[in-house]
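Enquirer: Following this message is one structure expressed as structure tokens.
The values are calculated or read from the model by the stated rules, or taken from the named source; none is laboratory data. Source: prediction; values computed, not measured. Glycine also receives a Cβ, built like all others from the backbone with ideal geometry; neighbour counts cover every protein chain displayed. These area figures cover heavy atoms from the full protein model, side chains too; ligands, DNA and RNA do not enter into them. Shrake-Rupley method; radii C 1.70, N 1.55, O 1.52, S 1.80 Å.
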Amino acid sequence: ILDALQHDGSLTNAALGERVHLSASQCSRRRAALEKAGLIRGYAARLDAQKLGLGLRAITRVNLRAHGQGHEDDFTRFLRAHPQVHAAFSVSGDADYVLDIRVRDLEAFAAFVHQDLLPHPQVAQVRSEIVLKTMKDGQALDLGRG
């Protein structure tokens, strides 16, 4: 059920039942239980960023000047306030954070970096790579295949 739903969250219980060889009512009960247990966090459409005018994607590594819960909370609030930050990760390695940034073009990216990100009082260093080609961009989790 989880595998089928992560590939197509719009499946009706009847269509889901056909795929997993259960009745629609069994699928409905199991889906509700999976949602209640938090295994299914929600349903969403995957949009085409390019067709929506967000043609530039950058992977940006950020180092902070200081560390600690207050600094992290402040930076998290900053990230949540900027919709061009599609995803953000606290990471190990040579950066404190890795950001997935989606914007219209290079000019919009430069504006975000120079007007918003670099002036943030916690930010010490920013390094970015512009995505030239997406080779794989999957959302589905490997459920028992690896």
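Enquirer: Given only helices, namely DSSP H runs of n ≥ 4 each adding -39500 (n - 2.57), what is the per-residue ellipticity at 222 nm of the chain, to the nearest 500 deg cm²/dmol?
Expert: -9000 deg cm²/dmol
Enquirer: Which FRET efficiency value, to the nearest 0.05, is calculated for A37 and T12 with the Förster distance at 22 angstrom and r the Cβ-Cβ distance?
Expert: According to the calculation, E is roughly 0.55.
Enquirer: At 0.36 nm per residue, and after removing the present C-alpha to C-alpha distance, how many nm does the segment from R127 to R19 gain when stretched out fully?
Expert: Length gained, R127 through R19: 34.4 nm.
Enquirer: Could I ask something else about it? With each label point set 7 Å from Cα along the Cα-Cβ vector, what nm distance links A49 and L118?
Expert: The answer from the label model is 2.2 nm.
Enquirer: Working only with C-alpha atoms, what are the Rg and Dmax values of region 1-54, expressed in angstrom?
Expert: 13.4, 42
Enquirer: Taking a ≥ b ≥ c as the square roots of the Cα gyration tensor eigenvalues, with a/c under 1.5 meaning rounded and otherwise prolate when a/b beats b/c, else oblate, which class fits region 58-118?
Expert: Because a/c hits 1.5 or more and a/b exceeds b/c, region 58-118 counts as prolate.
Enquirer: Mind checking which of T12, V113, G42 is farthest towards the positive end of the chain's charge dipole, using Cβ charges of +1 (Lys, Arg) and -1 (Asp, Glu) about the Cα centre?
Expert: T12
Enquirer: Could you pull out the longest piece of the chain with no exposed loop trypsin sites (Lys or Arg not before Pro) in it, calling a site exposed if DSSP puts it outside H, G, I, E, B and it has at most 16 other Cβ atoms within 10 Å?
Expert: On the way: sites that count: R41, R46, K51, R65, R104, K133, K136, R145.
Value returned for the longest uninterrupted segment is 1-40.
Enquirer: Run the accessible area of the chain with a 1.4 Å probe and give the carbon-and-sulfur part as a rounded percent.
Expert: Carbon-and-sulfur percentage of accessible area, whole number: 52.
Enquirer: Taking only protein heavy atoms and a 1.4 Å probe, what accessible area per residue, in Å², does region 1-142 have with all protein chains in place?
Expert: Numbers: 9470 Å² over 142 residues.
Spelled out: the 1.4 Å probe surface of region 1-142, per residue, equals 67 Å².
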